[in-house]
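Remarks on the structure that follows.
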Amino acid sequence: MKNIKEILQERILILDGAMGTMLQRYKFTEEDFRGERFKDWPDPLQGNNDLLSLTQPEAIATIHGKYFEAGADIVETNTFSSTTIAMADYGMEDLVYELNFESARIAKEVAQEFIKKEPHKPRFVVGSIGPTNKTASMSPDVNDPGFRAVSFDELRIAYKQQVEGLLDGGSDMLLVETIFDTLNAKAALFAIEEVKEERNIDVPIMVSGTITDASGRTLSGQTAEAFLISISHIPILSVGFNCALGASQLVPHLEVLSSKTEYAVSAHPNAGLPNAFGEYDETPEQMASQIKEYVEKGLVNIVGGCCGTTPEHISAIAEVVKNFSPRNLIIENI
């Protein structure tokens, strides 16, 4: 089977869409989140989507399958918040390794089923590593700007535990995503490098930042170019942006990345901007027509969807990009 670097030379790869959007369709109750195993858990668990890998694994597997059927080459594990830092909200810090391992195992199992059916089309699992709910370079307290809710070392240790579970469960790649604070991302990347060194392995790493508003900056104040420069010392497969903005608003930032980097460029935007109810209204056709601009301009190598996107969105995107060549790459650089 060809490896991911070779395939990136040949075509634009499709990443999946939103896990949360699909899980909302199930309308799971508190009891569904708890399952039998956690029925007496002292904290409320509804909303802890990552836990569903343990209590509703069939739903998670079904969603991965729907994205593969829609044309995805890569699915993300259901582990966006599977760190001790984020799981502290539910008192579930001790479950972190299991959450990551099981989520990766489920995704890998589904990927292998599809590879069996279509050996000509490799399918990949990327371990999703979210930003946590704390920021290392800004204070959460306006009256104490020097205060930090988390240290670099605490982040590094938490991410290392997550990475070990994701790799042991079968992840082919790792995705440090939705980066609003590059210092958090650096802790994740540092942890990944530690694990790679300890295990003497190489694993492709995708990095995806988030431009939070019309200023064109991340929450911690970096422009697209500054963000790129600050993570470019790490050997990565791809760099890109996801979440926060809709597809059309991302274009100028992708243009910056595309012109400045030798890595592959990825984009998985939201289905437009949220409406007054926090929902995303952009149809698959609307979103795909905007993403067409990415491929017409030769800006990307990997595209998918974030908040509000579904298998229908991914199918429409896959259909639009299939006739376009990927952005040019020099394979030695990725």
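Every read-out reported here was derived from the displayed coordinates using simple, explicitly stated rules and does not represent laboratory data. Here the structure is a predicted model, which means the values were calculated and not measured. Because the Cβ atoms are built from the backbone with ideal geometry, glycine has one as well, and the counts that use them run over all protein chains shown.
Some values worked out for this structure:
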| item | result |
| --- | --- |
| Kirkwood Rh and Cα Rg combined as Rg/Rh, the range 4-333 | 0.94 |
| Net lengthening on full extension, N3/T212 (0.36 nm per residue, minus Cα-Cα) | 71.9 nm |
| Extension gain from H233 to R199, taking 0.36 nm per residue of separation minus the Cα-Cα distance | 10.2 nm |
| Within a Gaussian network of the chain (alpha carbon springs, distance under 10 Å), most fluctuating of V125, V142, V75 | V142 |
| Spatial separation of Cα centroids for the range 186-200 and the range 245-280, in angstrom | 28 |
| Filtered trypsin sites (Lys or Arg not before Pro), the range 34-126: DSSP coil and at most 12 other beta carbons within 10 Å | R37, K39 |
| Inter-part distance where the range 100-169 and the range 29-49 are each reduced to a Cα centre, Å | 22 |
| MRE, 222 nm, helices only [DSSP H, n ≥ 4, -39500 (n - 2.57), over the chain, to nearest 500] | -13000 deg cm²/dmol |
| Under DSSP loop assignment and at most 12 Cβ neighbours within 10 Å, longest chymotrypsin sites (Phe, Trp or Tyr not before Pro)-free interval of the chain | 1-146 |
| GluC sites (Glu not before Pro) restricted to DSSP loop in the range 23-113 with at most 10 other C-beta within 10 Å | E36 |
| Sequence-distant residues sharing a close amide H with F124 (under 5 Å, placed H) | I74, V75 |
| Length released on extending from E285 to E10, taking residue separation times 0.36 nm less the Cα-Cα span | 96.5 nm |
